[in-house]
Amino acid sequence: MSAHVQRRTLGVLVSAQILSGAGLAAGITVGALLAQDMLHSTSLAGLPSALFTAGSALAAVGVGRLSQSHGRRPGLAAGYFAGALGSVGVIVAAVLDNPGLLFVALFVYGAGTATNLQARYAGADLATVSHRGRAVSTVLVATTLGGVVGPNLAAPTGELAEVFGIPYLAGPFLLAALAYGLAAVVLAIWLRPDPLLLARHLAAEVQEPIQSSSALETAPVVDAGRGIAVGGFVMALTQLVMVAIMTMTPVHMLAHGHGTAAAGMVIAVHVGAMYLPSPLTGWLVDRFGRLPVAGASGVTLLAAGLLAALAPSDSVVLLAAALALLGLGWNLGLVAGTAIITDTVPLATRAKTQGTVDVSIAVAGATGGMGSGLMVAATSYPILALAGGVLALAVVPAAALAGRHGSKL
């Protein structure tokens with residue numbers, strides 16, 4: 001029964017993730033450009049990314065606690081509804097040319113980002129330990145379609161927005177409002193039975209401890225506290241580096257003569273690389289262990305930073321390649337870190353703990369987003385990219401140190 005329900009659960013989550021991917025991509029593609037246009041300042045261009053990432057931190061706690069008490073369905077649906085509301089707020093702020101309202105709306109919009117990430121945990125609730133990496137990756141890869149299509153609709157939605165008297169750069173948020181709203185409806189109606197509640201019921205039914213010994217025996221880090229620390233660190237650091245470089249890439253491109261369409265294409269490649277490799281990443285995590293894949297994320301992000309720093313400003317191809325590596329490195333870290341966390345957190349407190357861990361991810365992303373604009377204003381985009389790549393290497397010794405204390409590398 002649980003296998004059948006798991007397949008159905010993944011099907012519903014995949015549908016919602018396809019929709020939410022389009023909503024997620026809106027802020028990534030034009031958020032920094034919209035703020036730069038309204039504030040007339042490059043130094044604050046990273047502020048939108050910081051705001052909606054900070055908003056996702058608060059939403060991660062809310063979604064986690066709501067899921068803990070009432071199940072994944074109401075938690076995820078509420079998060080996407082908030083994301084849709086924030087998208088509408090961004091549009092209103094752009095029409096009124098009100099930066100204060102824009103900041104508030106972007107903060108609320110961040111709930112969609114948090115929910116998109118929290119959905120990966122729902123995919124793992126009913127999965128066996130040996131298939132958790134693949135279950136997480138199935139949910140993540142579904143974001144690819146919406147995430148790739150969304151940025152490429154930046155120009156068309158901008159033109160549509162202007163027809164209705166809405167500023168061009170606010171156009172993608174029309175798509176975000178619709179996409180997040182539909183994702184909320186899909187989950188509210190069809191995510192039944194609730195995967196987290198069913199997992200608890202099945203654990204109680206067979207009279208097994210909610211934190212099974214088998215889960216711990218196959219986990220790469222046997223100590224729960226250490227597992228949470230390592231998994232959280234890997235995901236937070238990779239998020240910080242990814243957001244910092246990603247946020248300033250469209251600004252860097254427009255400053256060197258590229259158009260919105262070219263920036264949207266590069267971001268589409270980046271978002272595709274964030275999610276499309278997920279099935280392979282999930283298989284690698286299940287086959288070779290969580291920690292080696294986590295270490296590989298740091299090396300991949302270093303390569304991304306080096307390429308972004310060395311790429312000529314007029315080369316869209318090389319910038320796209322750098323952003324693809326950036327997305328891949330983030331994917332490796334997220335899937336590995338998620339599997340570590342799920343392995344070591346008992347069902348009784350799983351959703352609450354996962355929400356708390358995602359706060360650290362969101363805070364790291366907010367730091368990267370806000371700091372990126374300030375750093376580029378003070379130095380340059382190549383310096384930002386190089387610094388981010390070097391910083392990501394800290395994941396490698398962290399994973400190696402955890403491996404010395406774990407039962408599986």
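Rule-based calculations on the coordinates, nothing more; no lab input. This is a predicted model, so every value here is computed, not measured. So basically every Cβ, Gly included, is an ideal-geometry build from the backbone, and we count neighbours across all protein chains shown.
Over every Cα atom in segment 69-150, the radius of gyration and the widest Cα-Cα span, Dmax, amount to 15.7, 52 Å. With an a/c value of 1.5 or above and a/b larger than b/c for the gyration tensor axes a ≥ b ≥ c computed over the alpha-carbon atoms, segment 1-152 is described as prolate. Output the 0 to 90 degree angle, nearest 10, between the alpha-carbon long axis of helix 278-288 and the longest principal axis computed from the alpha carbons of the chain. Value to nearest ten degrees: 40. Cα convex hull, segment 313-409: 116 Å³ per residue, rounded to a whole number. Length gained on full extension, Leu101 to Ala204, computed as 0.36 nm times the residue gap minus the Cα-Cα distance: 32.3 nm. Once C-alpha pairs closer than 8 Å and six or more residues apart are averaged by separation and normalised to the residue number of the chain, the relative contact order reads 27 percent.
What shape does segment 244-300 take by its C-alpha gyration tensor, where a ≥ b ≥ c are the square roots of the eigenvalues and a/c under 1.5 counts as rounded, a/b above b/c as prolate, and the rest as oblate?
Details: a/c = 5.61, a/b = 2.50, b/c = 2.24.
Taking the square roots of the gyration eigenvalues as a ≥ b ≥ c, segment 244-300 is prolate.
Taking the charge dipole of segment 4-145 about its Cα centre, with +1 at Lys and Arg Cβ atoms and -1 at Asp and Glu Cβ atoms, the residue from Ala93, Val14, Ser41 reaching farthest to the positive side is Val14.
Taking the chain as a Gaussian network of alpha-carbon nodes connected by springs under 10 Å, the highest mean-square fluctuation of the residues Ile189, Ile383, Ile361 belongs to Ile189. This ranking places Glu162, Glu205 by how few other beta-carbon atoms lie within 10 Å of each, fewest first, which gives Glu205, Glu162.
Using the alpha-carbon centroid of each, what span in Å lies between segment 138-159 and segment 283-336? Segment 138-159 and segment 283-336 have Cα centres separated by 20 Å.
Using Stokes-Einstein with the Kirkwood hydrodynamic radius over Cα pairs, what translational diffusion coefficient do you get for segment 2-405 at 37 °C and a viscosity of 0.692 mPa s, in µm²/s rounded to a whole number?
160 µm²/s
Quick one: helix 224-255 against the long Cα principal axis of the chain, what's the angle to the nearest 10°, folded into 0 to 90? Around 20 degrees separate the two axes. Just so you know, the Rg over Rh for segment 276-336 is 1.07, from Cα atoms, with Rh as the Kirkwood radius. For segment 333-348, the residues whose amide N sits under 18 Å from a probe point set 7 Å from the Cα of Ser130 along the beta carbon direction are 343. In this Cβ point-charge picture (+1 for Lys and Arg, -1 for Asp and Glu), segment 2-405 has a dipole of about 860 debye about its Cα centre.
Dividing the Cα radius of gyration of segment 336-385 by its Kirkwood radius returns 1.24 for Rg/Rh. For the chain, the longest principal axis of the Cα atoms and the long axis of helix 381-392 meet at an angle of about 10 degrees.
Tell me, what is the FRET efficiency for Glu159 and Leu318 to the nearest 0.05, using R0 = 22 angstrom and their Cβ-Cβ distance as r?
Details: r = 29 Å, r/R0 = 1.30.
FRET efficiency, Glu159 to Leu318: 0.15.
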